[in-house]
Amino acid sequence: MRHALLIPLMAALFPAAVLAQDRIYRCGNEYTNTVPDAQKANCKLLEGGNVTVVQGTRPAAAAPSRLVANAAAVSPRARVENAEQQSRDADARAILEAELRKAEARQSELAREYNNGEPEKRPEDMRNPVRYNDRVAELKASISRNDADIAGIRRELARVTGPR
């Protein structure tokens, strides 16, 4: 009895399985399995994988204008008072100056440890010279990253409009 139900079910699914293995062609951002369309558009045959295309909706073209309209509809009460803004700027400047001091202290510590490309060798470096070279390269990279961080903090400080 069970086999009697299983055979028609497999027969119904077999053609679907065969159709799912057709050749798939990619035409830019579109996919097709029709050979004449693929030949007309110089599409490329995809091999070794399944393609799943999920149809979605495209965003409406009017969406940016709604954002502009919403920005214009902000009430004047949302504006920050001048004194409050100056206070915020002063706080931001103090935070950035503290970060700059920490980054500069870190930079001097890294430079001292780097020792112009010849850091002091540790006991584990004596056993493994490759490890020493890796540590030197890592210190050099850390100095470069920290230098970029300092430059970024200085740029931010220049942007902040607060009392100096």
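The values are calculated or read from the model by the stated rules, or taken from the named source; none is laboratory data. Being a predicted model, the structure only gives us computed values, none of them experimental. Methodologically, a virtual Cβ is constructed for each residue, glycine included, from the backbone with ideal geometry; neighbour enumeration extends over all protein chains shown. Note: areas computed on protein heavy atoms with side chains; ligands, DNA, RNA excluded. Shrake-Rupley method; radii C 1.70, N 1.55, O 1.52, S 1.80 Å.
Remarks
- Any hit, the range 58-81, residues being modelled with pLDDT of 85 or more and either in contact with a Leu (Cβ under 6 Å, 6 or more places away or on another chain) or not aliphatic (A, V, I, L, M) (or both): yes
- Annotation note: Cβ proximity below 6 Å between a residue of the range 31-47 that is surrounded by 13 or more Cβ atoms within 10 Å (Cβ to Cβ) and a residue that is aliphatic (A, V, I, L, M) and assigned to a helix (DSSP H, G or I) (sequence gap 6+ or interchain) occurs for THR32/ALA38.
- Counted residues, the range 86-118 - those being in a helix (DSSP H, G or I) and open to solvent by 50 Å² or more (accessible area, probe 1.4 Å): 18
- Residue count for the range 119-164 under the criterion of being open to solvent by less than 80 Å² (accessible area, probe 1.4 Å), farther than 27 Å from ILE95 by Cα, assigned to a helix (DSSP H, G or I) and not aliphatic (A, V, I, L, M): the result is 4.
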